[in-house]
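A short write-up of the structure that comes next.
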Amino acid sequence: MAFLQLSGIDKSYAGTAALSHIDLSIHAGEILALVGENGAGKSTLIEIIAGMTAPDSGELYIDGKQVDISEPRSARAAGVSVVHQHSHLLPDLSLAENRALRVDYTLRRSWMINWPAVEDRARSDGASLAPFVDVKRRAGGLNAVEKQLVELAFALADKPALLVLDEPTAALPQHEAEQLLASVRTYAENGGAVLFVSHRLEEVFSLADRIAVLRDGERVWLGHAEETDRTTLVATMVGRPVSTAARQRPRVQVDETTLNVRNFSSSDGACSDVNIRLQKGEIYGLYGLVGAGHDALCQALAGLRPASGDLFLRGHNLGKQTAIERRIKGLVYVPGDRRTQGIFYALSSGENMAIGSESVGWLRRDREDRAVSEAIDTLHVRTLNPNQPIGQLSGGNQQKVLLGRGLLRDPDVLLIEEPTQGVDVAAKAEIHAHLRARANRGMTILFASADLEEILSLSDRVGTMREGALVGEWPAVSAQREEIVERALPRLKKTEESISSVHRSIPWRLLTLCIINVSLAAISAYLAPDALQNALDVLLNNAVLLIGALAVGCVIIAGSIDISIGSLLGLSAILAGLADRAGLSPVYTASIALAAGATGGWLNGWIATRSRVHAIVVTLGTMAIYRGLIIEWSGGRWILGLSDGLRALAHSTPVGIPLLLWLALSTWLAMWILLRYSRFGRRMYAVGSAPRAARYVGITERAVLPWAFALCGLLIGLAGLLQAARFGQVQTNMGTGFELQAIAAAVIGGVHIAGGRGSAAGIALGVLLIGQLANALVLLHVPAYWEDLFLGVVILSTLVLEKREERR
Amino acid sequence: MKRESGLLLTLIILVAAMSVLSPYFLRTGNLLGLTRHLAEVGIIACAMTCIIATSGIDLSVGSLLGLTSIALGYASLAWDPASGIAIAFATGLLGGLFNGALIAHFALPPLVVTLATMALFRGLAMTISQAQPVSDFAPIFDWIGQGTTASIPTQLWIWCIVYTTSWVVLERTGYGRYLRAIGDNSRAARAATLPVKRILLSAYAAMGLLCALAGIVYTARVSTARADAGTGLELEVITAVVLGGTSITGGRASLVGTLLGVLILGVVRNGASLAGVPSVWQAIIAGVILIAAAALNHRLTDRGTAH
Amino acid sequence: MSKWIICGALLFLCSCASQEEQTQKIRIGMMPKLVGIDYFNACEKGARAAAAELGVELVYDGPLNNDVGKQAEMLDTWMAMGLDAIAVAPNDPNALSPTLRRAMQQRIKVLTWDADSAGESRHYFVNQATYEDIGSELVNIMAEQIGPEGDVAIVTGSLTAANQNIWMEWMNKRIASAFPGLQIVAVRPSEEDQQLAYQVSQDLLKAHPTIRGVWGITSVAFPGAAAAIRDAGRSGEVAVVGLATPNGMKEYVRDGTVETVLLWNPVDLGYLTVQAAVAAVRNDTLGASLTAGRLGEVTVLDDQVLLGAPMQFDKDNIEEFDF
């Protein structure tokens, strides 16, 4: 019986069928390859199996039972592990934690995360393919190869019944690709089922037992690998016969050097001491495994990476010029990763092509339209018209648009990284043909690719790079593929060295904050008449700010922001005040304030996630609404003379220290534990770090954010309650400007405004710094209006310092 | 365009409703008075639209307005109105360049940078002026802030010029396209060798200049230079821009929408005031409108780009 | 969805505006510096009482924070409504002058109250107490409590607030002429923020350990300063004197931190303002005195309507007042 069976799967987007009536089954111990052109529906099918997308109709059966896989978590529970083409590791979390998010944390006392155990587990799980990696490292610090290997190792460690691989070798160099394929084969031999998507047909034939072909959302062929051959398969994929054999072209021999690269090295060492000389009309293919520096060389030549050395374009040295100047001189670069570095999704196809060719000034629409339509025709871009949003085009057509952008700039030398990565066979052939035609008309082309077939079929000359150096050069006609690959292979020992030489960074920021805080404390102690009392006062005055900064810190860590907290603070204080005046006991009053805060916060989060409006906008709105409600509900009157019971919340002094301080400190401790040791806390980091990747491990913004906001609101409710208790009265303007102070404290304390990073310890130090600064200024008799000025300077210097630390 | 027509319809319905509710609403005096007070928000909103298009934000505009107001006040008292205006523009430009340099060259997040400069500029304005307001301005300021040109308030003309220029820049020049491209995908913009740093720097510098212009208009309108001028202005401006449909995550910008956003907020405030709705409720209504419009906006654009 | 929003907004506006449209009644607009604080709430109470007594329509509204630009905008709106008189408490002495002058040109009676506007931009100023009276009285009370010598400090509202600055000026003059031994060592703003007022007062005590007295000259600064001094355990040792509404000060007067609270009666101020405005509309000008309902005869000095001397609230009488 088949392990996974799909029957009658339909899925359409905006009226266009992406999949129609797909039937497919995969058996245990079998490798099924899924092939098809870009836009054939492969990705959609994988998303459905992975639980990322729900089909419009049709059924999924696992082990004969119908299942409803509506989220990634249930897919994994059913025994399906998916490795996607692009890394889905959460960049701000350690590898160990990335592993834990997939398999669940190892807990201590049933709720507290046991970090050493989590790390041990990740180490043993990663050992199969990525034994070299330090599991405490941030995933974001890994390169593409390491990421892919780690993901695959983790997926294999899941021991899934079905392993789904989407273009697993696209980012990998030959050596690593082979290593990976070997382990997939072993896995299938041991009884696992594999669904495998690839554009590299050699891999498909060497690996697959059966092959399924998708075309325009339909399954057009399914059979054993032996029943077909390469040509037939390609013909089935594209619906017409296409020759994919390597073609040589007669080259117009012009002995005129266009580009001369001498002793060229990038500052980061990704490529070093490279010498290349290109003739006019020549196509030069740079081959290398990922990380070999062939792509880095393209970027460095284009001026996008700092580099040294000489770069002569028709005799002029461009080595010292900026990327823009080089482009104007005729050296044009086409980026490799179109999704992240190529396409502007907010612009139309036409604009995407024309961008960079126009002047900064007046747009000449008619001239531009003519050029764009011409390019669309010559490149065979399949688009309705130039105004069509680029997101609606298939990958191959997007790649053509990118190429068109480069060509419109009328280059003498074209630098292309991975000209056909993730592009279907037909589009690939068209792109190659076009590049050859351009070269025949005198354009010089230097391209980098990890696809050896492409290198051999497109170039006149082939160069191989390894560890940043150019290690071999052949004319394409006489190049031996074995020799090229052999040269490109890294010397194993060296690779291990370069990977294991990672050191753990010292937390400079926390140290700096500590030092500044200690010096401020010393200054104040020296100046204040009663140092101890002064220190206590500083703590008391900033206790509420600490709670507020922790509150907003949570939301920022979760990748969002809340600027309504000042109003919410006032609102919960007003409600607490009203309740107290109505004669309710402090316990009820406190519950009302906390409930009001939590509700208000949750509402912010709920609106933001449901409407998918940016949280700044939502909380900007609720900020006005909550402030309005304060005045409406209080009738604009201050609430005075709160009861002694309520005041005791702030003023009673158990063990000689005011309760306010106790409460603030225990809140801090609770938040420290929550952020570091609880699953909810870690989920906030996960969502803040990379929301899309978090979805793949079953953590959605929808599930986390409203609660992060509610937690923030709860703390703000507490802050409002304590503020009211402390002063024994509530004024209607309470909390105005509080949000800025709290955000400033969190940011100074190292909470990353983009989410995913920050700690309770840092926040406490940030609050302390702000409080001590204000205190010290007063003690130094500095006029009051300097305070804002100093606060601004402190925030800015923290930011600049942090940036320098990151670059180091 | 779909969204803009929705906003226009909203505006028309609001105007109709207001004129039913209050007989005074449609009087030219009222309408012109209304625009007089919208000019500062309107001017800054033009630049804010461009900044938000780059996926940036500028929270320091209110403070910078206060700082330029003080610079204008002191300089025109010490010398003459012309140098006062020149120094106000220079101050605005410097402030904008400072923001821009930190954001473009140090690649720092705009939200935090301008949060810091918001405190910094306000602190500077307070320190320079010792928190004392300056008044007694030359008659030229009365003409800008109180007077009319061709029977239309002078600052309305200024706003029109700024708006038209911004529209041309955003919609009809390569610069405008670069702004949107940077906001949409800054890595791609760098890889396409667009002058990203210079564009960002100049956008924030332009914002500084327009803050100075708005500062001059504000100072002329209240004929006093105050360090606390423009407090809370940033929120009003951002509300108008977002209401107009410019996406806070960058890449999409609509100046037509911004204009309608400014007008809608102004009409709601003015009409509600005329109809006797207390200002507390006006704030609440503005908040609700903002969230509802942004949610609606999101639905419309979502439908357009589904793939 | 947008239709629903619009419908909702319309319904709301309709319900708010239903009590409009009464002709022939005198219509007065009265604008505080800001809404939502106790002091101006008390003023509103008096104003409403006067409006009810006189049978006039009162529009009472102001900005949400002390923003002079917003005041100008609201005034323009009010002018369009064709009110008979406008009474405004300007946040800046100069900023509203042009707008108010335009209102005067439209034959609207313009009054200022609580704070004045410069440059012949109003017909009358309802003066709660002269700046000189307040300034001198504050100094006198302080000297009464701590003697003619010692270090003192001021916690003010905002450094840009005109009336507070003028009070401080008069305080300095009084000190120079009568009590040269009093030394003002610091002036710190509290920005109408309770927490800040508390904090700066506390810091003042530390920065200047020799301090003997603190003035809190707004309704926010005064209780903040009092709380700080009480919590520092220095009640009775450091005198706190100032201007504030009695409600906020009752607890400090009760526990002895504060002996005397100085203030005019804001309810009366609101009451008198409406009385004066109506009289100005009815009679075009005011004579040398004005009969102002329950306040009786009130002096009009040139173009100022005087409320009378400020009141002192202490242990014996503070419980009688509720504002």
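Every number in this text was worked out from the coordinates using simple rules, so none of it is lab data. Note that the structure is a prediction, hence the values are computed from the model and not measured. Heads up, the Cβs are rebuilt from the backbone with ideal geometry, glycines too, and the neighbour counts pull from every protein chain shown.
I'd like the antiparallel share, as a percent to the nearest 5, of DSSP beta bridges with both residues in chain A. Write down the numbers at each step before the final one.
On the way: 45 of 81 bridges.
Within chain A, antiparallel bridges account for around 55 percent of the total.
Quick one: Karplus J couplings for the range B:274-282, per residue in order, coefficients 6.51, -1.76, 1.60, θ = phi - 60°, nearest Hz, x for Gly and Pro?
4, 7, x, 6, x, 5, 4, 6, 4
With both bridge residues required to lie in the protein assembly as shown, what share of the DSSP beta bridges run antiparallel, to the nearest 5%?
Working: 57 of 131 bridges.
Antiparallel bridges: around 45 percent, rounded to the nearest 5.
Counting each DSSP H run of 4 or more residues in the protein assembly as shown as -39500 (n - 2.57), what helix-only mean residue ellipticity at 222 nm follows after dividing by all residues, to the nearest 500 deg cm²/dmol? It would help to have the intermediate numbers written out before the result.
Numbers: 53 runs with 782 residues, N = 1438.
The helix-only estimate for the protein assembly as shown comes to -17500 deg cm²/dmol at 222 nm.
On C-alpha positions alone, give me the angle between the axis of helix C:194-207 and the longest principal axis of chain C, in degrees, nearest 10.
With both axes taken from Cα atoms, the answer is about 20 degrees.
How large is ³J(HN,Hα) for each residue in the range B:227-237, as worked out from phi by the Karplus curve 6.51 cos²θ - 1.76 cosθ + 1.60 (θ = phi - 60°), to whole Hz, x for Gly and Pro?
These are the phi-based 3J(HN,Hα) values: 5, 9, 5, x, 4, x, 4, 4, 5, 4, 5 Hz.
Among residues other than residue B:117 whose Cβ falls under 14 Å from its Cβ, what is the net charge (Lys/Arg +1, Asp/Glu -1)?
On the way: positive: B:122; negative: A:788, B:58, B:234.
Local charge sum for residue B:117: -2.
Straight-line reach from residue C:206: which aspartates and glutamates have a Cα under 17 Å away, not including same-chain ones fewer than 8 places off?
A:530, A:537, C:151, C:231, C:237
From the Cα gyration tensor of the range B:93-196, with a ≥ b ≥ c the square roots of its eigenvalues, which class applies: rounded if a/c is under 1.5, or else prolate if a/b is larger than b/c, or else oblate? Let's see the in-between values first.
On the way: a/c = 4.04, a/b = 1.36, b/c = 2.97.
It is oblate, given that a/c is not under 1.5 and a/b is not larger than b/c.
How far is helix C:68-80 tilted, in degrees, relative to the longest principal axis of the Cα atoms in chain C, given as a value from 0 to 90 rounded to the nearest 10?
20 degrees
Could you run the Karplus curve 6.51 cos²θ - 1.76 cosθ + 1.60 with θ = phi - 60° over the range B:21-32 and give me ³J(HN,Hα) per residue in whole Hz, x for Gly and Pro?
Ordered by residue, 3J(HN,Hα) equals 5, 9, x, 7, 4, 7, 5, 4, x, 5, 5, 5 Hz.
Run down the lysines and flag those whose C-alpha is under 25 Å from the C-alpha of residue A:159, throwing out any fewer than 8 positions away in its chain.
Leaving aside lysines fewer than 8 places away in the same chain, those within reach of residue A:159 are A:42, A:65, A:136, A:147.
So for C:60, A:685, fewest C-beta neighbours within 10 Å to most, what's the order?
Working: C:60 21, A:685 25.
Fewest-to-most ranking of C:60, A:685: C:60, A:685.
Between helix C:2-17 and chain C, what is the angle of the helix's C-alpha long axis to the longest principal axis, kept within 0 to 90° and rounded to the nearest 10?
80 degrees
How do the peptides A:634-645, A:330-341, C:239-250, A:789-800 rank, highest first, by the average count of neighbouring beta carbon atoms within 10 Å per residue?
Values: A:634-645: 18.0, A:330-341: 22.1, C:239-250: 25.4, A:789-800: 20.1.
Descending packing order for the listed peptides: C:239-250, A:330-341, A:789-800, A:634-645.
Counting other beta carbons within 10 Å of each residue's own, what order do C:284, C:92, C:303, A:788 fall into, fewest first?
Working: C:284 9, C:92 28, C:303 15, A:788 20.
Least to most surrounded, the residues fall as C:284, C:303, A:788, C:92.
Please work out whether the protein assembly as shown counts as rounded, prolate or oblate from its C-alpha gyration tensor, where a ≥ b ≥ c are the square roots of the eigenvalues and a/c under 1.5 means rounded, while otherwise a/b larger than b/c means prolate and anything else oblate?
Values: a/c = 2.19, a/b = 1.87, b/c = 1.17.
Prolate, because a/c is 1.5 or more and a/b exceeds b/c.
Post the alpha-carbon centroid distance, the range C:161-177 to the range A:732-751, in whole angstrom.
34 Å
Once you list every other residue whose beta carbon is under 14 Å from the beta carbon of residue B:32, what net charge do they have if Lys and Arg are +1 and Asp and Glu are -1? Mind showing how you got there, number by number?
On the way: positive: B:27, B:36, B:221, C:102; negative: C:73, C:76.
Once positives and negatives cancel, what remains is +2.
Can you sort C:238, A:184 by how many other beta carbons sit within 10 Å, fewest first? Show your work: numbers first, answer last.
Working: C:238 24, A:184 21.
Listing C:238, A:184 from fewest to most nearby Cβ atoms yields A:184, C:238.
For a test of the definition: using alpha carbon positions, the gyration tensor, and the 1.5 limit on a/c, classify chain B as rounded, prolate or oblate. Please report the intermediate quantities before stating the final value.
Numbers: a/c = 1.78, a/b = 1.04, b/c = 1.71.
It is oblate, given that a/c is not under 1.5 and a/b is not larger than b/c.
So if I take the alpha carbon set of the range C:171-222, get Rg, then get Rh from the Kirkwood formula, what is the Rg over Rh ratio?
Numbers: Rg = 12.1 Å, Rh = 12.0 Å.
Looking at the range C:171-222, the ratio lands at 1.01.
Considering only the other residues whose Cβ falls under 13 Å of the Cβ of residue B:181, what net charge follows from Lys and Arg at +1 and Asp and Glu at -1? If you can, show how the numbers build up before the last one.
Numbers: positive: A:405, B:177, B:180, B:187, B:190, B:252; negative: A:351, A:358, B:184.
Its environment carries a net charge of +3.
For a 24 Å ceiling on Cα separation, which of these pairs sit above it: C:45/C:173; C:33/C:173; C:25/C:109?
Numbers: C:45/C:173 35 Å; C:33/C:173 27 Å; C:25/C:109 15 Å.
In this structure, C:45/C:173; C:33/C:173 lie more than 24 Å apart at Cα.
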